[in-house]
Structures are given as C-alpha cells and as structure tokens.
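The values are calculated or read from the model by the stated rules, or taken from the named source; none is laboratory data. What you see is a predicted model; the values in this text were computed from it and never measured. Using ideal geometry, Cβ is built from the backbone for each residue, glycine included, and neighbour counts are taken over all protein chains shown.
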Amino acid sequence: MRVLEVFGICVGALLLVLFAVFFRRRLLMLGGGTIRLQIRVTTLVPGRGWSPAIGQFAGGTLRIHRMFSFAFRPKRILDRATTVVESRRPPEGPERLTMPGHWVILRLATTLDEIEIAMAESTVTGFLSWLEAGPPGPPGSVAPRPVIQPRTIEP
C-alpha cells in the first residue's frame, strides 16, 4: 500500500508540472504576436543544441521564451534596431532530424553576440518584414515636425 501512495504522489506531481508548463505556454501565446521557433543554446556538438521556443513580438523587440521552462521572463530579447541577419541556410546534417524540412536557420548578429534561430519559411518572411519595418534613423530618434507659420494677408 505504501508503494502505491508514493507512486500516486509522483504521478500527481508530474501531472502538476506538465500542467504548469503548458499553462505558461498558453499565457504567453494569449496576447497574440507570437511565433514558434527554435533557438540554439549551445554549439559544443555540431548540429545539436537546439531548444524549442516561443517568440513574442512586443514593439521593437522580439522576446524569446524557451518552451519547456517555468520562467515568465524571456531567455533572450532581440532589439529590432540592433539585430542584423548575417546568413540564412537550410538545416544540415543532424539538424534535419530535429526540425522540419521546410524550416530555415538564421544567423543573427546583435551588438552583444551572435545567435542562431530556426523557423518555418513563412515565418521567416514575416520576421524579416518586422526586422526591416523599423523607423529610419538612429534608435529613439523622432523626426521633427514642420513648423507651420500663419499666413499673413497683405492688403
């Protein structure tokens, strides 16, 4: 009888953990503006180190949350003004086994470092459009409004 109680408690705890992870995922996707992607967290073994993630667009940033995590803070934040796409390639070698064939891997350079993310081809189109849609000029600059002078009527 004691073994069944311990087994039941373990199964209950496992179900609670799974519920928490999937509930967090639903909360992140609730606001809209989210995409499914994978982020490379380690490069120790070639072709490995990919983790599923959710990308959430918020103004001029892309917040990347790891899918199987309890944290509500994003793992990475990409700023549109400082992110540049260095290269684009299809999955190669062992990467083809971990992600669908129609996905594309992007190598991004930021002011701090370089990262690799992977997403579906249709999502890449939207991501590149978002990346290029930033306002012109340095970040935070606002174009001055033209001053309109009142017209004087001469007699």
Checklist (1) within 19 Å of ASP113 (Cα to Cα); (2) loosely packed, with under 14 Cβ neighbours inside 10 Å applied to ASP79, failing item: (2)
Conditions (1) exposed (fewer than 14 other Cβ atoms within 10 Å of the Cβ); (2) touching an Asp or Glu at 6+ places or on another chain (Cβ under 9 Å); (3) modelled with pLDDT under 85; number of the one not met by LEU112: (2)
Residues of the range 18-41 satisfying the condition of being modelled with pLDDT under 75 and part of a loop (DSSP other than H, G, I, E, B): GLY31, GLY32
Residues located in the range 42-62, provided they are part of a loop (DSSP other than H, G, I, E, B) and over 16 Å from TRP130 (Cα atoms): THR42, THR43, LEU44, VAL45, PRO46, GLY47, ARG48, GLY49
Residue within the range 121-138 that is part of a strand (DSSP E or B) and not hydroxyl-bearing (Ser, Thr, Tyr) present: no
Considering residues of the range 47-82 that are of a type in the set (Ser, Thr, Tyr) and under 26 Å from LEU30 (Cα atoms) only, the residue nearest to the chain's Cα centre (by Cα): THR61
Residues satisfying the stated conditions in the range 86-109, i.e. of a type in the set (Val, Ile, Thr) and at pLDDT below 90: THR98
Long-range neighbours under 8 Å by Cβ, at least six apart or interchain, first residue touching a residue at least 60 places away in the same chain (Cβ under 8 Å) within the range 76-97, second among the small types (Gly, Ala, Ser) and in a helix (DSSP H, G or I): none
